[in-house]
Amino acid sequence: MKLFENLLYSIHNNICTITVNRPDKLNALNRLTILEIGEALQAALDDASVKGLIITGSGTKAFVAGADIREFLGLTPVEGKKMAHTGQALFNRIEECTKPVIAAINGFALGGGCELAMACHLRIASENARFGQPEVNLGLIPGYGGTQRLIRYIGKSKAMELLMTAEMINTQEALELGLVNHLTTIENLIPKCIEVMDKIMTKSPLAITGVIRSVNSYFASGTIGFDTELDEFGKCFGTEDFKEGTSAFLEKRKASFSGKELKQ
Ligand code: COA
């Protein structure tokens, strides 16, 4: 059993479960959590007994409610871009993981949480889950690959709508759009993930790795958008809108955007 500050890490019947464990902050991804997910991923990859991974959130309210907004405060455009780069790199590693990874989505999957779920190979969600990219509420855009992966799963038209309106969708809608693979009850969430993973684990591990690499390579030529996302995410940190949006969230009030750059 590995010990982490913000994660639970367990292995049972060849399946490693990584649980983001900050329930009082709706499992928001702060720097340490991002770092620890990377370490847990590596530990699972290095452990020959692990044949598949499940990533989930602690409690019944949130999978992950996004990147930790408190850590955004005071970042410059360069620092903001650097932060997004670290998140993108981790989520790319999850997507490229040679062992199958299932997201067990047990509640809010917003912002970085939706991006984390999209980086996994499959998504299984409970009825109470909610999906969305609400960054524009904060004067931001997604920075951990969300603008790119959302298009891949649900198409440009619907992705554009969700990204611009910040609206949340429920699991039924996410299922219809192709964002999630299965909808189930909260009680059955982990059993359903195990059922699907058990089926995958009866197949050739080398063939499964081949599937992961081949499917990912279908999108390999379209990576320029990830760099654009990094540039645009970084730029947001130089705006009045970002300052107003993040302050409004933390002060629990509605933001009022001016559309202005920060004065130097
Ligand atoms: N970053 C940091 N803290 C977060 C967070 C995030 N992304 N999401 C939730 N939290 C914290 C809240 O600040 C609150 O902390 P507090 O008790 O110290 O004030 C706690 O988690 C509970 O959240 P709260 O907003 O009170 O719960 P709610 O049930 O009223 O609302 C959400 C739930 C998910 C709708 C709301 O928390 C939310 O909109 N979160 C942000 C989503 C987001 O914008 N994500 C993208 C970030 S880039």
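Under the condition of being among the small types (Gly, Ala, Ser) and not in a helix (DSSP H, G or I), which residue from the range 138-187 is nearest to the chain's Cα centre (by Cα)? Within the range 138-187, the match that is nearest to the chain's Cα centre (by Cα) is 145. Annotation note: Cβ proximity below 9 Å between a residue of the range 1-28 that is closer than 10 Å to residue 40 by Cβ and a residue that is at pLDDT below 95 and in a loop (DSSP other than H, G, I, E, B) (sequence gap 6+ or interchain) occurs for 9/1; 9/2; 9/3.
Residue 141 - would you say it is surrounded by fewer than 23 Cβ atoms within 10 Å (Cβ to Cβ) and near the ligand (Cβ under 9 Å from one of its atoms)?
No: the conditions fail for residue 141.
In the range 228-264, of all residues being of a type in the set (Asp, Glu) and over 17 Å from residue 142 (Cβ atoms), the one that is farthest from the ligand (Cβ to nearest atom) corresponds to 261. Considered as a group, the residues in the range 27-73 that are more than 10 Å from the ligand (Cβ to nearest atom) and among the charged types (D, E, K, R) include one that is farthest from residue 102 (Cα to Cα), and that residue is 31. Criterion applied to 225, 210 was being farther than 30 Å from residue 246 by Cα, assigned to a helix (DSSP H, G or I), away from the ligand (no atom under 16 Å from the Cβ) and not acidic (Asp, Glu), and the one residue passing it is 210.
In the set (1) within 16 Å of the ligand (Cβ to nearest atom); (2) polar (S, T, N, Q); (3) within 18 Å of residue 55 (Cα to Cα), residue 188 fails one condition alone, (1).
Restricting to the range 144-161, what's the tally of residues that are within 13 Å of the ligand (Cβ to nearest atom) and among the hydrophobic types (A, V, I, L, M, F, W, C)? Total satisfying the criteria: 0. Quick check: anything in the range 42-58 within 25 Å of residue 237 (Cβ to Cβ), touching a residue at least 24 places away in the same chain (Cβ under 8 Å) and crowded, with 21+ Cβ neighbours inside 10 Å? No, the conditions are met nowhere in the range 42-58.
Could you tell me which residue of the range 114-137 is farthest from residue 216 (Cα to Cα), considering only residues that are within 14 Å of the ligand (Cβ to nearest atom) and part of a strand (DSSP E or B)? The residue in question is 130. Given the structure, is residue 111 within 14 Å of the ligand (Cβ to nearest atom), at pLDDT 95 or above and at positive phi? It is true that residue 111 is within 14 Å of the ligand (Cβ to nearest atom), at pLDDT 95 or above and at positive phi. Of (1) part of a loop (DSSP other than H, G, I, E, B); (2) in contact (Cβ under 8 Å) with a residue 40 or more places away in the chain, residue 200 satisfies all except one. Which? For residue 200, the failing item is (1).
The values are calculated or read from the model by the stated rules, or taken from the named source; none is laboratory data. Here the structure is a predicted model, which means the values were calculated and not measured. Cβ sites come from the backbone with ideal geometry, for glycine too, and all protein chains shown count toward neighbours.
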